[in-house]
Amino acid sequence: MYSDQAFVLHKRPYKNSSELVKLLTLKSGLVDLISKGSRSSRSKFKGMLQPFVLTQVFYTGRSSLKTLTEVSQQAVLKPCPYKNHVSMLYCNELLLLIGMQDEVHSEIFNAYQLTVEQLQNSRSVSLILRKFEWFLSQNIGYELNLPASVNPTDFIEFDPLNGLQKSKQTKICSVHTFNQFIGQQKLNSVEIKEINHLMKSVVNHMVHGKTIQSRNLL
């Protein structure tokens, strides 16, 4: 039997009363399991597999599809505005679309937990999401370093083949803004728009051009 902390990323009905669940776990990264009978009103799992809630799970199985045996919620989801809720859905969708390396799953789990907590307690979601995207990019193998010969007043853009490059025509994101962002410094509204623009192109490459449905709701 396995025991782990987990967040529900996605679930869907399976057969008459069961569910197929995708978890982000602390020890094992992404885990697929079947929750037998959890859609039944008499199930001990009823209402326990909620997204964005830290959960302790116990499961068994040797195949890629595990079987849930016990579950308990470790936190309570706070009521939050629609945009914050969609932002958390966006984080889930992003994790499902990118490739996750086994050796970094605990770091990603901790970053996800922090991001969800921040999104439940913040009026502004944009920078929280950009920081989560940046963390993911750094932990799945993207080395987004500035070109050697750029000045703070120069502008940069993301090139799928070469990473960050000096922009010759479009003014996507200034070097100054980028340095402020990765240095965890405060950004003004113009700088936030620049980071939004830059990270959108990075994320598009991270998900291999796949459509992120929740992005259209933000």
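Values computed for the structure shown
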| read-out | value |
| --- | --- |
| Condition check for PHE58: assigned to a strand (DSSP E or B) and of a type in the set (Phe, Trp, Tyr) | yes |
| Qualifying residue in the stretch 94-115 (condition: of a type in the set (D, E, K, R), touching a helix residue (DSSP H, G or I) at 6+ places or on another chain (Cβ under 9 Å) and outside any helix (DSSP H, G or I)) | no |
| Extreme residue, nearest to ASN92 (Cα to Cα), among residues of the stretch 31-48 that are of a type in the set (S, T, N, Q) and in a loop (DSSP other than H, G, I, E, B) | SER38 |
| Hits in the stretch 161-184 (condition: under 30 Å from SER106 (Cβ atoms) and surrounded by 11 or more Cβ atoms within 10 Å (Cβ to Cβ)) | GLY163, LEU164, PHE178, ASN179, GLN180, PHE181, ILE182 |
| Scan of the stretch 50-91 for residues that are surrounded by 17 or more Cβ atoms within 10 Å (Cβ to Cβ) and aromatic (Phe, Trp, Tyr), ordered by number | PHE52, TYR59, TYR90 |
| Counted residues, the stretch 116-136 - those being part of a helix (DSSP H, G or I) and closer than 21 Å to GLN180 by Cα | 12 |
| Residue in the stretch 142-157 that is within 24 Å of LYS22 (Cα to Cα) and aliphatic (A, V, I, L, M) present | no |
| Qualifying residue in the stretch 64-79 (condition: within 27 Å of THR177 (Cβ to Cβ), of a type in the set (Lys, Arg), touching a residue at least 24 places away in the same chain (Cβ under 8 Å) and not in a strand (DSSP E or B)) | no |
| Of residues in the stretch 39-49 being farther than 25 Å from GLN113 by Cβ and of a type outside the set (Lys, Arg), the one surrounded by the fewest Cβ atoms within 10 Å (Cβ to Cβ) | SER41 |
| Those residues of the stretch 202-218 which are in contact (Cβ under 8 Å) with a residue 24 or more places away in the chain and outside any loop (DSSP other than H, G, I, E, B), in sequence order | VAL202, VAL203, HIS205, MET206, GLN213, SER214, ARG215, LEU217 |
| The stretch 152-201, subset assigned to a helix (DSSP H, G or I) and of a type in the set (Asp, Glu), residue nearest to the chain's Cα centre (by Cα) | GLU194 |
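A short reminder: the numbers here are calculations on the coordinates, not readings from a lab. Just so you know, these numbers come straight off a predicted model, no measurement behind them. Counting neighbours? That spans all protein chains shown, and the Cβs are built from the backbone with ideal geometry, glycine included.
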